[in-house]
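Inspection log for the structure reproduced underneath, given as structure tokens.
Bear in mind these aren't lab numbers, they're just calculated from the coordinates by the rules spelled out. Everything numeric here is computed off the predicted structure, so don't read it as measured data. Here Cβ is always computed from backbone atoms with ideal geometry, including for glycine, and neighbour counts include all displayed protein chains.
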Amino acid sequence: MKGDRVEVVVDAGGDTRTYEVAATRAGRRVDVAHGRGLVEVTEVTRGGTAVRTARFMAARVIALVEHPAPRHTAEDDDETVTPLRVTA
């Protein structure tokens with residue numbers, strides 16, 4: 001979904017670098033795959049075609065953070081939700 005993004009923090013030999021792959025258009029999503037020493041982050045269309053791909057050595061990846069796009073925005077007429085109270 002547009003707005004989905006993944007941040008990858010990589011060890012660059014005494015320094016760290018941060019890379020970001022984001023779904024840039026409506027209908028696209030960001031997929032993460034890992035295996036055989038690689039981490040692959042791909043922006044994919046609805047039909048499954050890869051638009052852009054970033055590959056990193058798994059041994060160098062320090063952090064991989066997925067930021068999903070907000071799925072619902074509150075409308076003016078939405079009711080407020082009352083939290084449940086736990087009794088003793």
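Worth a mention:
- Once region 25-39 is narrowed to residues that are β-branched (V, I, T) and closer than 15 Å to P68 by Cβ, the residue that is surrounded by the most Cβ atoms within 10 Å (Cβ to Cβ) is V30.
- Residue list for region 53-71, restricted to those being within 15 Å of R28 (Cα to Cα), exposed (fewer than 13 other Cβ atoms within 10 Å of the Cβ) and over 13 Å from the mean Cα position of the chain (by Cα): R71
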